[in-house]
Amino acid sequence: MLRRKQSSETDPADWFFSAADRLRVADWAWERDGLTLTGVELLQEAVERYLKGWLIARGWSLDRTHDLRKLISVAMTIDPAFNRFKSFADELTDDFSRSITPAVTGQTSARITKLCGSRPVRSSH
């Protein structure tokens, strides 16, 4: 059993802890199996949690969304430099939706495949 203090939606450190854990496992999955559906899901969840932690640290009220487009848009209102991540957020959001929807699994975008290399997409289910 994982023992840790009670987490809080309003504590950025809790969001960063959760994000780092998911990113660590996504990196491990990539090293072991290449591009997998679970790896895409873990990467999206890590980015989502990092963004939520960053936004909460700046006074943002939590919005229960998995849409990185929406989170990046909010972040850009605070710091326009987040604009450089907009296309990545768009594609990762789409790939995340594909990874959790059985009818379209395995259809990751060309950009994600390019970023991750030419290894085939594997289902980890």
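Here, each number is a calculation from the coordinates, and none is a lab measurement. It should be emphasised that the depicted structure is a prediction, and the values quoted were computed from it without experimental measurement. Every residue, glycine among them, receives a Cβ derived from its backbone with ideal geometry; neighbour counts consider all protein chains shown.
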* Length-normalised contact order of segment 22-62 in % [C-alpha pairs under 8 Å, at least 6 apart] -> 35
* Asked: If you add up the charges near residue 53, with Lys and Arg at +1 and Asp and Glu at -1, over every other residue whose beta carbon is less than 11 angstrom from its beta carbon, what do you get?
  -> -1
* Would you tally the net charge around residue 25, using a Cβ to Cβ cut-off of less than 15 Å, leaving residue 25 out, and scoring K and R as +1, D and E as -1? => -3
* Amide H contacts under 5 Å for residue 36, placed H, 5+ residues apart -> 122
